[in-house]
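K.L.:
Please read through the structure below; I'll follow up with questions.
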Protein chains: 2
Amino acid sequence: MRRRQRGESPMKTDLTRRQALLLLAQAAGSSAVAFQAARAFGFAADPGEAQPVQLRPLGERKRSVIILGAGISGLVSAYELQRAGYDVTLFEASGRLGGRNLTVRHGDVIDEAGNRQTCRFDDQPHLYFNAGPARIPAVHTGIMHYCRALGVEMELFSNHNKNCFTQDDDAFGGKPMRIREVEADARGFMAELLAKTLPGAGLDQPFDAQDLERLRAFLKSYGDLDHNYRYRGSARAGYAAGGALEPGVIRDPLAFRELLRTTFTTGPLNWRDMPWPDHGAMNFAEGEDQAPAMLTPRGGMDQIVQGFARALHCDIRLGAHVQRVTLGEDGVDIDYRQDGELRSARGDYCLNCIPTHLMTGIANNFPVDYNWALGTAQPGKMFKIGLQASERFWEAEGIYAGISWTRQDITQIWYPQQGIFARKGIVLGAYAWDPAIIDRFAPLDHTQRLAKALAEGERVHPHGYTRYMENGVSICWHRMNHMMGCNSHWSAEGLERGYPILSQPAGRHYMMGDQLSLLSGWQEGAVRSAWRALEDIERREHAAAV
Amino acid sequence: MRRRQRGESPMKTDLTRRQALLLLAQAAGSSAVAFQAARAFGFAADPGEAQPVQLRPLGERKRSVIILGAGISGLVSAYELQRAGYDVTLFEASGRLGGRNLTVRHGDVIDEAGNRQTCRFDDQPHLYFNAGPARIPAVHTGIMHYCRALGVEMELFSNHNKNCFTQDDDAFGGKPMRIREVEADARGFMAELLAKTLPGAGLDQPFDAQDLERLRAFLKSYGDLDHNYRYRGSARAGYAAGGALEPGVIRDPLAFRELLRTTFTTGPLNWRDMPWPDHGAMNFAEGEDQAPAMLTPRGGMDQIVQGFARALHCDIRLGAHVQRVTLGEDGVDIDYRQDGELRSARGDYCLNCIPTHLMTGIANNFPVDYNWALGTAQPGKMFKIGLQASERFWEAEGIYAGISWTRQDITQIWYPQQGIFARKGIVLGAYAWDPAIIDRFAPLDHTQRLAKALAEGERVHPHGYTRYMENGVSICWHRMNHMMGCNSHWSAEGLERGYPILSQPAGRHYMMGDQLSLLSGWQEGAVRSAWRALEDIERREHAAAV
């Protein structure tokens, strides 16, 4: 199987011809031409950007594919295979398409084991909650490709809003501080400190006098230093007074020591146990997949699912519980239970995005090492709460979209970019990824979870929070039926030995889903893992023809 | 006249009563309650946020007000006075409302002296160009108040997109660089350098060993340093390869020296002659009025004007050219020319937003110091080009909204947040505020301007720019009829002596507009200057009644 590396520049190898064909096929007025041209010139969104999978039509041949699971990887696979003329059957255990791409609205049921809830949000278009993925970085060109292809309308999403708050009991007496103020002052002090110590700096790279002068200019601009390279506060922190009709009055800077007392500036924020980089929340939106441009479908993340649903005309079987997967010489058989009956199906190929930790409990005849590898992926946990507010009180505080941070268990509060100026709004009232925190939320019943989230949110918005909140939904993803986990991650050994095994097919059976990528928890991981499987099928089907 | 200072906390003084009344009046279900409550708690968007003007109803009395100019300050004034029962007549020299709030669409005429153009954009809702103001910072609570009150739908606007480019002939051989890469590396080197020099740093504030440890943690997180506090490159710069199915490969960092060779990092970018802070473009979106959240009306900035137009039912006279303003004991007379006839009108008050540099040429009987003060405001210049692209090629390069920077004369390229994934789009192809640059564009005819902008844009998008561009509009604001300038600024003497004089009424005549604020060029300045005048009228009318 071809393992494409990002940055490998597929244009220079076997894709040149395919691409040329594509260009010809899509010429004359298609807006896709710019995309293809950009890639042909080696100037795509990301030097390592993947080429969208292109399956050539089967022609006269008949090929059947069984897809297990209707999450994003399953939907992508069904869509691409159907286009190329494959006979596709999509099996899904739950009663809906989308998997963790779940947008909750009025009347929707949260199918959490032991905590089944019905969403009581008002029935209005802007009152929705993306309980699963909620944002797409522009660098995730795979899922963006489908948003575009499916006509999903996109709008900007904001990870970073300087008017939002950071709240930490260890700093500023626990008072919520505007991110604007904390950032401006932290930058200022850092720049001043470096400007001061520069004469003694042992610079590795050769620096002459002009370079040093430029470095000082950089620091001045970076930290908003005065002409003596001192930080005396900055308008960037927001004026203390004036600024419109009278000259703006600069705030007194916060104390540098105090700024460093919070993990917002110094480092890991509730994710110290996670295998993620330990960047402080202040630097969260610097991340390769969290920096602008971030986008989100207008009307909810499930617009992507609905786009696929519109495009698919293959056989989709909901409520189908896979009981056994049997690899054969020329195909794959499955046994499944649907409507109380045990049934079976057969495909020339099987694409499987059942969570690995569930798949280990399903009867199969996989090779021993394949089954062993399934056990090396660790299911993760995520916890979210969505709250309906009777008024968009955050907008009265100057907050439009973006994220507030706290070291309390709720970790974050997100404000909606949809429905600005409407009366009501849906706030994300908790988003925890630290397993220790989730273990404190999970055992609580729904009412208790909300009470905890409201009490903590009140610390971030002490002038009014609980009193605006009308109802909410809470979701422990590791307790959601048909999932029982999310955001799989690999042990060191799993990554080294298990992941490569599962990235290859076992006979005509492929594992996929975000779990089979290094972008776990991202829809992009689902897309890319599907493409890897589809490219292998393409290779098998057309190896002789090229 | 009352001069409200931001941060003065009006709640504690004479507004308590008014506010209480307002709360009562608006109780029971109005979404404005949260806004009032937030302010009552002293927790508004900005500690210095102005209270929206509240004119009490006139009751039985009759009062007439003449408003000169239908820009934002004129529209705000007409709207507020009309609500309070004043008899309002609005005179506008041009044929349209909005002043510099100008959204250009298919068929619109650009009324530039000597460069009259008709916009040839296709006739589609997303193909518009905000030729004047194009963004609103959330901290501009005055104009946001009207967006809200008028039901203007808002969406996020992006000043800062890491996928955009910076291009400078002095650095990286003139090659356009992703902002993502430049920023990540500049932060990394800065943090590393400071971490290295820390032991010798003479810290002003008392720092103990624990503080120093926290500072190191901060630097590590800030610059994405390794465990030895060295910068070895960062995923934040975008991977060189991998990251989805294979581990991401970190890019080699750029050379620190090279990073400092561009004004993108070190300082003023083409605005060195402007009275603005000299922050480099890299830090542009740190600014108090350029940092997120930034917003813009969905469908074009003139949605605000259309909102006012819907709400106004006062007498509006377009094509009315003021010839004389005569202050009287009990009112103000104006002579104006309309439809070839000389006419006159009289008001108990006159609110005047005619540009000061035009007002100096209009006959009047103002006090000598008032006329002198009019001359102390200096008209500014701004230049913009809007281009229609046949394809949204920037999206193929991973750019969705945001700004690219170049040291060439076009200075900036903006990409539209509206119409993502549509086929065509309107790009801002030049935005110059440096007078020296504008003086190079202004003498060119429209075709020459476009040619210059395309040639320069090609340097930022060397893989395709000109070939996508179908047509465009160019606007020199200082040559637009009925304006002949924009973004007034004050000499030091003007600010000290002229501005205070013009901030006061001359008899019953008030100057206003963004020119009469310290937020020149911002709609917020127009709103706040109007409020200042209206509050003074309120005081005069109700002084005895309170």
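The values are calculated or read from the model by the stated rules, or taken from the named source; none is laboratory data. What you are looking at is a predicted structure, and each value in this text was computed from that prediction instead of being measured. Glycine gets a Cβ as well: all are built from the backbone with ideal geometry, and neighbour counts include every protein chain shown. Calculation scope for accessible area: heavy atoms of the full protein, side chains included, ligands and nucleic acids excluded. Shrake-Rupley method; radii C 1.70, N 1.55, O 1.52, S 1.80 Å.
K.L.:
Find the sum over both chains of the accessible area lost when A and B are paired, probe 1.4 Å, and report it in Å² to the nearest 100.
P.N.:
The buried area between A and B, both sides summed, comes to about 10900 Å².
K.L.:
Next up: To check you understand DSSP bridge types, tell me what percent of the beta bridges within the protein assembly as shown (both residues inside) are antiparallel, rounded to 5.
P.N.:
Within the protein assembly as shown, antiparallel bridges account for around 70 percent of the total.
K.L.:
Further, regarding this structure: If you fit an axis through the alpha-carbon atoms of helix A:72-83 and take the longest principal axis of the Cα set of chain A, what angle between them do you get, 0 to 90°, nearest 10?
P.N.:
Once rounded, the angle reads 50 degrees.
K.L.:
Let me ask you something else. Through the Karplus equation 6.51 cos²θ - 1.76 cosθ + 1.60, θ set to phi - 60°, convert the phi angles of the range A:150-164 into ³J(HN,Hα) values in whole Hz; use x for Gly and Pro.
P.N.:
Residue by residue, the range A:150-164 yields 8, x, 7, 6, 10, 9, 6, 10, 10, 8, 10, 10, 5, 7, 6 Hz.
K.L.:
Counting only the backbone N, which residues of the range B:62-88 are under 20 Å from the spot 7 Å out from the Cα of B:R540 toward its beta-carbon?
P.N.:
B:62-70, B:73-88
K.L.:
Give a residue-ordered list of calculated ³J(HN,Hα) values for the range A:125-137 (Karplus: 6.51 cos²θ - 1.76 cosθ + 1.60, θ = phi - 60°; whole Hz; x for Gly, Pro).
P.N.:
For the range A:125-137, the Karplus-derived couplings read x, 8, 9, 9, 9, 7, 6, x, x, 10, 8, 10, x Hz, x marking Gly and Pro.
K.L.:
Distances in nm, one decimal, shortest first, from B:V368 to the same residue in every other copy, taking the label point 7 angstrom along Cα→Cβ.
P.N.:
10.8
K.L.:
Also, quick follow-up: Would you compute the Debye intensity of chain A from its alpha-carbon atoms alone, equal scatterers and no solvent, and pass along log10 I(q)/I(0) at q = 0.05, 0.09 Å⁻¹ to two decimals?
P.N.:
-0.24, -0.76
K.L.:
A further question follows. Step by step: find N for the range A:83-149, compute 2.2 N^0.38 Å, then divide the Cα radius of gyration by it. What's the final number?
P.N.:
Dividing the Cα radius of gyration by 2.2 N^0.38 Å gives 1.43.
K.L.:
Around B:R343, which amide H atoms from residues at least 5 apart in sequence, or from another chain, sit under 5 Å from its own amide H, with H modelled in the peptide plane?
P.N.:
Placed amide hydrogens put B:Y336, B:R337, B:Q338 under 5 Å from B:R343.
K.L.:
Taking a point 7 Å out from Cα toward Cβ as the label site, list the nm distances between B:H227 and the same residue in every other copy, smallest first.
P.N.:
Sorted ascending, the copy-to-copy spacings read 4.8 nm.
K.L.:
Based on a Kirkwood Rh over C-alpha pairs, give the Stokes-Einstein translational diffusion coefficient of the range B:177-261 at 4 °C and viscosity 1.567 mPa s in µm²/s.
P.N.:
Translational diffusion coefficient: 94 µm²/s.
K.L.:
Heavy-atom accessible area per residue, the protein assembly as shown, 1.4 Å probe: how many Å²?
P.N.:
Normalised by residue count, the accessible surface of the protein assembly as shown is 35 Å².
K.L.:
Right, next: Given H placed 1.01 Å from N in the peptide plane, which residues other than close sequence neighbours of B:L295 have an amide H under 5 Å from its amide H?
P.N.:
Amide H neighbours of B:L295, under 5 Å, 5+ apart: B:I136, B:A138, B:F157.
K.L.:
Arrange the residues A:E341, A:E258, B:E397 by how much accessible surface each exposes, largest first, with a 1.4 angstrom probe.
P.N.:
Reading off the accessible areas and sorting them downward yields A:E341, A:E258, B:E397.
K.L.:
Something else now. So the label point sits 7 Å from Cα along the Cα-to-Cβ vector; using that for A:D170, what distances do you get to the other copies, in nanometres, sorted shortest first?
P.N.:
4.2
K.L.:
Residue farthest toward the positive end of the dipole of the range B:448-546, with Cβ of Lys/Arg at +1 and Asp/Glu at -1: which of B:Y465, B:C486, B:L502?
P.N.:
B:Y465
K.L.:
A further question on this structure: Could you compute the FRET efficiency for B:Q323 and A:D333, with r as their C-beta to C-beta distance and R0 at 56 Å, rounded to 0.05?
P.N.:
FRET efficiency, B:Q323 to A:D333: 0.05.
K.L.:
Next up: Once neighbouring chains are kept in place and the probe is 1.4 Å, which whole percent of the accessible area of chain B is contributed by carbon and sulfur?
P.N.:
Percent of accessible area from carbon and sulfur atoms in chain B: 50.
K.L.:
Roughly how big is the range B:90-153's charge dipole about its Cα centre, with Cβ charges of +1 (Lys, Arg) and -1 (Asp, Glu), in debye to the nearest 20?
P.N.:
160
K.L.:
Rounded to two decimal places and with Rh computed the Kirkwood way over Cα pairs, what is Rg over Rh for the protein assembly as shown?
P.N.:
0.98
K.L.:
Still on this structure, please answer the following. With axes computed from alpha carbons, what is the tilt in degrees of helix A:179-197 against the longest principal axis of chain A, rounded to the nearest 10 within 0 to 90?
P.N.:
Approximately 70 degrees, to the nearest ten.
K.L.:
Further, regarding this structure: Counting partner chain Cβ atoms within 10 Å of every residue's Cβ in A:518-526, what's the average?
P.N.:
Per residue, the number of nearby Cβ atoms from other chains is 2 on average.
K.L.:
Roughly how many debye, to the nearest 20, is the charge dipole of chain B about its Cα centre, given +1 on each Lys and Arg Cβ, -1 on each Asp and Glu Cβ, and no other charges?
P.N.:
600
K.L.:
Explain nothing, just the number: dipole magnitude of the protein assembly as shown about its Cα centre with +1 on each Lys and Arg Cβ and -1 on each Asp and Glu Cβ, in debye rounded to the nearest 20.
P.N.:
With only Lys, Arg, Asp and Glu charged at Cβ, the dipole is about 900 debye.
K.L.:
Quick one: ranking A:D169, B:D252, A:D122, A:D536 by accessible area, 1.4 Å probe, largest first, what do you get?
P.N.:
Reading off the accessible areas and sorting them downward yields B:D252, A:D169, A:D122, A:D536.
K.L.:
Additional query: Quick one: compute the contact order of chain B, relative version, from alpha carbon pairs under 8 angstrom and 6+ residues apart, as a percent.
P.N.:
20
K.L.:
Just grab the label-to-label distance for A:F207 and B:L58, each label 7 Å out from Cα along the Cβ direction, in nm (one decimal).
P.N.:
With each label point 7 Å from Cα toward Cβ, the separation is 6.7 nm.
K.L.:
Using 5 Å bins from zero, what percent of all Cα-Cα pairs in the range A:243-394 falls into each bin?
P.N.:
For the range A:243-394, the pair-distance distribution reads 2, 6, 8, 10, 11, 13, 12, 10, 9, 6, 4, 3, 3, 2, 2, 1, 0.
K.L.:
For a test of understanding, tell me how many lysine pairs in chain B have Cα atoms under 19 Å apart, given they are 8 or more places apart or on different chains.
P.N.:
5
K.L.:
So, one more: Angle between the Cα long axis of helix A:523-542 and the longest principal axis of chain A, 0 to 90 degrees, nearest 10?
P.N.:
30
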